[in-house]
1. Could you derive backbone 3J(HN,Hα) for region 63-79 from the dihedral phi with the Karplus parameters 6.51, -1.76 and 1.60 (θ = phi - 60°), listing whole Hz in sequence and x where the residue is Gly or Pro?
2. By counting other Cβ atoms within 10 Å of each Cβ, how are Ile188, Ile107 ranked from fewest to most?
3. Enumerate the amide H contacts of Ala85 below 5 Å, restricted to partners 5 or more residues apart or on another chain; note that Pro and chain-start residues carry no placed amide H.
4. Kindly provide the helix-only [θ] at 222 nm of the chain, computed as the sum of -39,500 (n - 2.57) over DSSP H runs of four or more divided by all residues, to the nearest 500 deg cm²/dmol?
5. If I build a Gaussian network model for the chain, linking alpha-carbon pairs within less than 10 angstrom, which residue out of Gly81, Gly59, Gly33 has the largest mean-square fluctuation?
6. In what sequence do Ser164, Ser74, Ser2 fall when counting other Cβ within 10 Å, fewest first?
7. Which is farthest toward the positive dipole end of region 39-208 among Ala203, Val122, Val79, measuring Cα position about the Cα centre, with Cβ charges +1 (Lys, Arg) and -1 (Asp, Glu)?
8. Considering only C-alpha atoms, what is the centroid distance from region 36-65 to region 162-193, in Å?
Amino acid sequence: MSLPNGVRYVEFDGDERLATRGERVYGEPVVDGWRRWEPHRSKLGAILELGLETGLEEGVRALYLGAASGTTVSHVADVGGPTYAVEFAPRPVRDLLSVAERRPNLIPLLADARMPERYAHVVEADLDLLVQDVATRGQADVALSNRRFLARDGRLVLAIKARSEDVTAAPEEVFERSLDRLESGYEILETARLEPYHADHLAVVATPR
Ligand code: SAM
């Protein structure tokens, strides 16, 4: 499996684990400046662990939707260039702001990812990477409405949480519906279930049509 530049396996207590280089954020173990990236705590970490081609590379310009307190987006910012982090809940945004204080390339935005017009004046165009982990209904629609920020050859890396769409339907059914909807604006490149790291989640890597 090829890892992006800037992401490595580093030995922590005798085990090789994913890591990026940067300031500690959430109490994670650090060895020689390398912060452990725990796939059980991060959908993107799990996606990398499972070997999907995410498009995360050194210097990528990224938009991250559903940043919460910054656990995963801090790793993206360790690797990438300008990283716009959208989160709509004020409480985690307070933590996100302190993560951003030590990462000048991380730009936190208190905003609703369903309303990209509210942050379109801040986020630059033609981004390389759109990462989405919003636990909300209509996850495919969020990805479609934020497609405007991606370059033609940019990548969407989306984690779809089945239960956020429909608690009663079978996850496979929810994933099929979401993929059908996504295909109106994206070409799907890869999909993978996130077990054993995250139950009932589907990872999708796609590029704009
Ligand atoms: N991606 C984070 C990480 O790995 O560190 C965890 C994200 S958590 C599973 C989902 C987040 O999406 C929550 O913090 C929630 O407040 C946020 N969220 C849900 N709907 C949203 C929306 N419409 N706009 C922005 N954020 C949203």
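Rule-based calculations on the coordinates, nothing more; no lab input. The shown structure was predicted, so the numbers you read here are calculated from the model rather than taken from an experiment. All Cβ positions, even for glycine, are placed from backbone atoms using ideal geometry, and neighbour counts span all protein chains on display.
1. Ordered by residue, 3J(HN,Hα) equals 10, 10, 9, x, 6, 6, 7, x, 3, 7, 5, 5, 5, 4, 5, 4, 8 Hz.
2. On the way: Ile188 14, Ile107 19.
The order, fewest Cβ neighbours first, is Ile188, Ile107.
3. Tyr64, Ile107, Leu109
4. The helix-only estimate for the chain comes to -6500 deg cm²/dmol at 222 nm.
5. Between Gly81, Gly59, Gly33, it is Gly33 that shows the largest mean-square fluctuation.
6. Numbers: Ser164 16, Ser74 29, Ser2 6.
Starting with the residue having the fewest Cβ neighbours, the order is Ser2, Ser164, Ser74.
7. So the residue furthest toward the plus end is Val122.
8. Computed from Cα coordinates, the inter-centre distance equals 19 Å.
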